[in-house]
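Accompanying notes for the structure given below.
The values are calculated or read from the model by the stated rules, or taken from the named source; none is laboratory data. All figures in this text were calculated on a predicted structure; none of them were measured in a lab. Cβ sites come from the backbone with ideal geometry, for glycine too, and all protein chains shown count toward neighbours. Heavy atoms of the whole protein, side chains included, go into the accessibility calculation; ligands, DNA and RNA do not. Shrake-Rupley method; radii C 1.70, N 1.55, O 1.52, S 1.80 Å.
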Amino acid sequence: MTFKDLGLALPILKAIEEQGYTTPTPIQEQAIPILLTKKDLLGVAQTGTGKTAAFSIPIIHHLHTNQEHSKGKKRIKALIVTPTRELAIQIGENFTAYSKHTKVTNTVIFGGVKQQRQVNALRPGVDALIATPGRLLDLMNQNIISLRDIEYVVLDEADQMLDMGFIHDIKKIIAKLPAKRQSLFFSATMPKDIVELSKRILGNFERVTIKPKQATAERVEQGIYFVSKANKPKLLVHLINERPEASVLVFSRTKHGANKIVKKLAQADINSAAIHGNKSQTARQKALGVFKEGKLNVLVATDIAARGIDVDDLSLVINFDLPNIPETYVHRIGRTGRASASGIAISFCMAEERAYLKDIEKLIKQQVPRLGEHPYMEDAQENAEAKPQKPSNNKSRNNNRPSANSNRNRNSSNRRRKNNRNSNRNKPEKRD
């Protein structure tokens with residue numbers, strides 16, 4: 001099947017051909033025909049599968065077709081709600097590209113910046129609005145935005161929105177939507193909360209689930225190095241210097257950690273930038289812009305800030321910190337190997353993170369390949385593959401036998417370590 005077989009308007013076909021699209025991805029091939037019939041849809045697919053085009057293209061088709069009968073000032077007919085400003089901007093860019101040869105217009109609104117420029121963009125009227133929940137509700141409360149004319153609504157990355165605490169905002173937005181509308185709900189995972197939320201927004205819906213052969217991007221070559229916390233920065237510098245021309249996205253679990261990584265790289269004469277929630281929108285967009293243009297080879301990001309990163313030739317993802325939520329690992333490495341491209345994802349694992357690695361491997365149903373030796377190997381005691389040495393003879397075994405008291409102390413210490421590990425594993429990931 002090609003896009004020409006889907007029955008799309010000619011101006012849209014021309015635009016997507018200019019983007020280099022010929023054959024739809026599985027989510028696009030299954031979702032677009034359903035959406036062209038104006039049915040509600042629940043779409044479940046991992047990151048990097050082409051979800052944005054799957055919902056944007058049919059909406060643009062409907063808006064373009066209906067424009068022939070509409071007169072007067074444009075009213076917002078399509079609403080796309082997404083969790084982060086980077087992702088909102090990315091969707092807006094794609095929406096603009098797909099609607100290039102039509103008169104369909106869109107604008108993007110998000111928090112973290114002054115609202116006046118966004119308000120000015122809304123004044124002439126737009127067909128489609130891409131928004132983050134907080135800024136959308138803010139402008140609704142000021143009576144600057146009305147949802148009464150909405151005909152198409154999309155909740156994108158719904159699981160991430162709930163993870164970021166947007167559930168109450170989403171419910172308020174849903175309450176203001178017209179009863180008669182086409183609703184699209186996209187999520188990478190379907191936990192219980194997402195199922196309940198989908199029931200609130202969807203009517204009689206179709207479901208499309210794209211299950212990859214494995215839980216991670218199939219074209220991504222994965223690997224892991226066991227390394228101490230102190231040696232992580234040194235190994236990172238070594239890997240970057242081995243690939244001086246590569247575009248590298250480095251993941252840190254925290255904002256403070258991202259800043260420290262940038263400083264360590266600067267000390268090694270490697271230019272990089274960090275994007276996270278404490279950075280201004282201007283700084284984040286500037287860093288992301290130069291990274292996409294290839295003027296900056298290394299970008300350090302937290303998980304939330306990285307949701308909107310879509311770089312065609314991203315060749316290497318490095319998990320400087322392993323995530324304590326296994327699904328996050330899948331999202332991270334999905335930044336590379338997107339669509340038909342290939343990519344490499346390398347992770348660092350220190351002793352305290354091995355429980356996270358076990359959870360990740362359980363989720364993806366495979367062992368992440370061990371990459372073996374590197375210049376900053378851990379000692380044998382810390383190496384994940386190390387085995388306890390057998391005593392050489394009975395004498396040494398007797399001499400080294402612990403006392404009853406030391407056994408009790410060791411057992412108590414082991415219980416404390418196990419409790420701490422379980423406590424850390426159940427803690428929510430630190431968010432921007």
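Here are the numbers for this structure:
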item	result
Members of region 190-206 that are assigned to a helix (DSSP H, G or I), touching a helix residue (DSSP H, G or I) at 6+ places or on another chain (Cβ under 9 Å) and surrounded by fewer than 19 Cβ atoms within 10 Å (Cβ to Cβ)	193, 200
Looking only at region 94-120, and only at residues there that are within 15 Å of residue 142 (Cβ to Cβ) and either part of a loop (DSSP other than H, G, I, E, B) or in contact (Cβ under 8 Å) with a residue 12 or more places away in the chain (or both), the one that is most open to solvent (accessible area, probe 1.4 Å)	114
Some residue of region 223-240 being at pLDDT below 85 and of a type in the set (A, V, I, L, M)	no
Verdict on residue 63 being open to solvent by less than 50 Å² (accessible area, probe 1.4 Å) and in contact with a helix residue (DSSP H, G or I) (Cβ under 8 Å, 6 or more places away or on another chain)	no
Single condition residue 27 does not satisfy, out of (1) in contact (Cβ under 8 Å) with a residue 24 or more places away in the chain; (2) surrounded by fewer than 22 Cβ atoms within 10 Å (Cβ to Cβ)	(2)
Number of positions in region 238-259 that are farther than 11 Å from residue 375 by Cα and surrounded by fewer than 17 Cβ atoms within 10 Å (Cβ to Cβ)	9
Region 30-47, subset open to solvent by less than 70 Å² (accessible area, probe 1.4 Å), touching a Pro at 6+ places or on another chain (Cβ under 9 Å) and not in a loop (DSSP other than H, G, I, E, B), residue nearest to residue 182 (Cα to Cα)	35
Region 192-208 residues that are without any contact (Cβ under 8 Å) to a residue 60 or more places away in the chain and over 15 Å from residue 175 (Cβ atoms), paired with ones that are open to solvent by less than 80 Å² (accessible area, probe 1.4 Å) and of a type in the set (Asp, Glu) (beta carbon under 9 Å, 6 or more apart)	193/159; 194/159
Residue under evaluation residue 90, criteria (1) buried (at least 16 other Cβ atoms within 10 Å of the Cβ); (2) of a type in the set (S, T, N, Q); (3) under 17 Å from residue 152 (Cα atoms), criterion not met	(3)
Any hit, region 271-285, residues being part of a helix (DSSP H, G or I), crowded, with 18+ Cβ neighbours inside 10 Å and in contact with a strand residue (DSSP E or B) (Cβ under 6 Å, 6 or more places away or on another chain)	yes
Residue in region 2-25 that is touching an Asp or Glu at 6+ places or on another chain (Cβ under 9 Å) and within 29 Å of residue 145 (Cβ to Cβ) present	no
First in region 280-293 and more than 20 Å from residue 246 (Cα to Cα), second anywhere and among the hydrophobic types (A, V, I, L, M, F, W, C) and surrounded by 14 or more Cβ atoms within 10 Å (Cβ to Cβ), Cβ under 7 Å, 6 or more apart	281/113; 284/275; 284/305
Verdict on residue 318 being of a type in the set (Val, Ile, Thr) and modelled with pLDDT under 85	no
For residue 53: the one exception among (1) modelled with pLDDT under 95; (2) touching an Asp or Glu at 6+ places or on another chain (Cβ under 9 Å); (3) open to solvent by less than 10 Å² (accessible area, probe 1.4 Å)	(2)
Matching residues, region 144-168, being open to solvent by less than 50 Å² (accessible area, probe 1.4 Å), modelled with pLDDT of 90 or more and out of contact with any strand residue (DSSP E or B) (no Cβ under 8 Å at 6 or more places or on another chain)	146, 149
Counted residues, region 363-391 - those being of a type in the set (D, E, K, R), at pLDDT 50 or above and within 22 Å of residue 323 (Cα to Cα)	3
